[in-house]
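The values are calculated or read from the model by the stated rules, or taken from the named source; none is laboratory data. Please read all numbers here as calculations on a predicted model, not as lab measurements. So basically every Cβ, Gly included, is an ideal-geometry build from the backbone, and we count neighbours across all protein chains shown. Heavy atoms of the whole protein, side chains included, go into the accessibility calculation; ligands, DNA and RNA do not. Shrake-Rupley method; radii C 1.70, N 1.55, O 1.52, S 1.80 Å.
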Amino acid sequence: MIDTATAITGTGVVAGLGYAPVQWVKPAPILPLGHDRLVGEALRDAEVTRWKAAVETVASRLTLRAATNSGAAAEVLGATAALATDRGLQRAAGKLMAAGSTAEAATVDSIAQFIVKFEKLGGLMAERVTDLGDIRNRVVSELLGLPEPGVPTPVAPIILLAEDLAPADTATLDPALIHGIATRLGGPTSHTAIIARQLGIPCVVAATDLQDVPDGAMALIDGAAGTVEVGADPEQAEAKVQADAARRAAVQSWKGPGRTQDGTAVEVLANVQDGAGARAAAKYPAAGVGLFRTELCFLSAAHEPSVAEQASIYSEVLAAFPGQKVVIRTLDAGSDKPVPFVVHPDEENPALGVRGIRLGNADPGLLERQLDGIALAAEQQGVASAKVMAPMIATVDEARDFAAACRQRRLSPGIMVEVPSAALLADAFLAEVDFMSIGTNDLTQYTMAADRMAPSLAALTDPWQPAVLRLIRLAAAAGTSAQKPVGVCGEAAADPLLACILVGLGLSSLSMAPNAVAAVGLQLESVTLEQCQQGAAAVLRCTTAREARSMARELLS
Amino acid sequence: MTTQTVVVGSPVGLHARPAAMIATAAGAYEEEILLSIEGEDEVDATSALMIMTLGADFGASVTVESENAAAVAEIAALIAKDLDS
């Protein structure tokens, strides 16, 4: 028993409170090699029987879970169950056991054969490697009599603890039972954070001291403060959770429009990636689309869509928000986000390579045709001077060329601010274009020189980093003096507290995941513009991300 | 022995879902059904994993081979279809 309350601090990524016993994601078993031990011929059939029983148990558990889930989760689980009993795998394992392998070694080695092949094939096939590793770990654990690895399937509410969650782990998370997620690794843009945000589960990542919390301990998770408190007073904890539930109900009922308590208008917008997403986003109280990522419509297109085909895709999104603001971003593909019809060079360092506007170096026609498609869609939907912005702009020349190409087609040009140079020279850029939108995920990654995908660098890839906030201020100030709108699209805008700071810095629009819109709108309504400005001024004096965050919380919540 | 060569119609190639659907359909036949792409070893069509090892992308040519002509026709038709939508 821990008798004094201890709060473990991490990075809060999804606001909300939860109070429940904790349960760890069971780690993968240590894989037995067993190659030094050859099973005698008389006992080989018994190994096969043991192997078959283990595989069947694992598959039937997955099938059972598939039956109690629906939609994508059921499909993922069903597909994993089918892979476990695949005939090709059966044959490979059977061959190994016939030659004297133990059931455990045959499991490891047969699956390794497929992993090697899939890794060699790359692309989509390589994604199956995670599934195969998951099946292997489940079967080996079963053979060794260990608990099944992976996410537990609780019968009563829990707080889920893990090193980090893999996509396969998160397919079946049920917000009714998982009242919070805390991980030792991961950052605000890690997979865990994205899934938790989608499901609305309070979430804390990068809580490095979590390892000492034992299974079953009662914990209070606070996704806004970024803490996991063990040994909290149960009555107080329950009261806090109930108050939070009331707050979340208030979020549910927020209908817009976006404004501060004293009535300063703030555009609260949604990020979307296709027509279906835009139609779903239109059900939330968003005032429009601040970022339409066009590359995701093309991920499975083998050939470049014609101008007319592109226009029909863009039209769908424009039609979902008639008469409202929609900002279309041109193709942001790169060798890390490959689009099949674009030739991507092999790059050692894709985040710093040929991506976004730089694709035009090799194929200038690609951008021209996309702008033609956007202009056609705007004409079809009756949108005058549709807003288009280019990603990865680093020089004023790039912005000037892009603006000219847009204006030829009566489109209103803007740029993304992701490269620090665009924030540093914001006034010069704004002389060329009509608006700017700050992509905080990339701006943070490039300012801090820290890979946003690297879980161990979460503390660096934090938009509360003072250096990032100062760059945002530079861009915002340039917008104010040029009287041109500067907004934010990125995970930072989805953090209600940071959203207030961004407004205080002078930004006029915030674009985020559609389900974050209401929480941000509600928070903005609870503060005045002056409070936001005071908060921004105070935060800009901070020297660490943690200090900035707690200063903002003190002044604004 | 019947053989038929068709072009992969699923935009993702013979990947997870299309491979699983083909393996399930192939499993309904008694006779062996083999798939191959030019220059590579044949694989058992009842195994989704083996089908995926072909690495057959959208537009690739895949040959179906079996003693059962109806099986060849059914599997070839599945390969040519877009199974991922």
Exercise for the section: Please figure out what share of the DSSP beta bridges in the protein assembly as shown is antiparallel and state it in percent, rounded to the nearest 5. Expected result: 45
Exercise for the section: Evaluate the charge dipole of the range A:260-556 about its Cα centre and quote only its size in Debye, nearest 20, assuming +1 on the Cβ of each Lys and Arg and -1 on the Cβ of each Asp and Glu. Expected result: 580
Fill in the blank from the handout: Here the gain from full extension of A:THR544 to A:ALA53, 0.36 nm per residue of separation minus their alpha-carbon distance, amounts to 171.3 nm
Exercise for the section: Please give, to one decimal in nm, the separation of the simple spin-label points placed at A:ALA98 and A:ASP174, each 7 Å out from Cα toward the Cβ. Expected result: 4.3
Exercise for the section: Name the lysines eligible as straight-distance cross-link partners of A:LYS484: C-alpha to C-alpha under 16 Å, and not fewer than 8 places from it in the same chain. Expected result: A:LYS325, A:LYS387
Completion exercise
Rounded to the nearest 10, the angle in degrees between the Cα long axis of helix B:16-27 and the longest principal axis of the Cα atoms of chain B comes to 10
Problem - Heavy-atom accessible surface of the range B:19-85: percent carbon and sulfur, 1.4 Å - result: 46
Handout entry: Equivalent ellipsoid semi-axes - Cα gyration tensor, chain B, angstrom
Key = 17, 13, 12
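What do you get for trypsin sites (Lys or Arg not before Pro) in the range A:275-332 restricted to DSSP loop and a cutoff of at most 11 other Cβ within 10 Å of the site's Cβ?
Answer by residue number: A:LYS283.
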Fill in the blank from the handout: In the range A:373-531 the accessible area split gives carbon plus sulfur, as whole percent at 1.4 Å, a share of 54
Fill in the blank from the handout: Output field shielding_mean for A:118-125 (other chain Cβ, 10 Å radius) holds 5
Exercise for the section: State, in angstrom, two size descriptors of the protein assembly as shown derived from its alpha carbons: Rg to one decimal place and Dmax to the nearest whole number. Expected result: 27.0, 86
Practice task
Would you mind working out the accessible area per residue for the range A:41-144, using a 1.4 Å probe, and quoting it in Å²?
Solution key: 46
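For A:GLU530 and A:VAL129, what does the FRET efficiency come to when R0 = 41 Å and r is the distance between their Cβ atoms, rounded to the nearest 0.05?
On the way: r = 54 Å, r/R0 = 1.31.
Rounded to the nearest 0.05, the efficiency is 0.15.
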Handout entry: Sequence of A:ILE30, A:ILE194, B:ILE79 when ordered by accessible area, the most exposed leading, probe 1.4 angstrom
Key = A:ILE30, A:ILE194, B:ILE79
Practice task
Please give the contour-minus-distance gain from A:GLU368 to A:ILE30: 0.36 nm per residue of separation, less the Cα-Cα distance, rounded to one decimal in nm.
Solution key: 116.3 nm
Practice task
Please give the helix A:466-482 orientation as an angle from the longest Cα principal axis of chain A, in degrees from 0 to 90, rounded to the nearest 10.
Solution key: 30
Exercise for the section: Extending each Cα 7 Å along its Cβ direction at A:SER253 and B:ASN68, get the distance between those two points in nm, one decimal. Expected result: 6.2
Practice task
Give the residues of the range A:430-466 whose amide nitrogen is closer than 14 Å to a point set 7 Å from the Cα of A:THR264 in the direction of its Cβ.
Solution key: none
Handout entry: Crossing angle, helix A:234-252 versus chain A [Cα axis fit, 0-90 degrees, rounded to tens]
Key = 50
Exercise for the section: Can you pull out the buried accessible area for chains A and B, both sides counted, probe 1.4 Å, rounded to the nearest 100 Å²? Expected result: 1500
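Are there GluC sites (Glu not before Pro) in the range A:313-367 that DSSP marks as loop and that have at most 14 other Cβ atoms within 10 Å, and which are they?
A:GLU347, A:GLU348
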Handout entry: B:HIS15, A:HIS303, A:HIS344, A:HIS179, ranked by accessible area, largest first (probe 1.4 Å)
Key = A:HIS303, A:HIS179, A:HIS344, B:HIS15
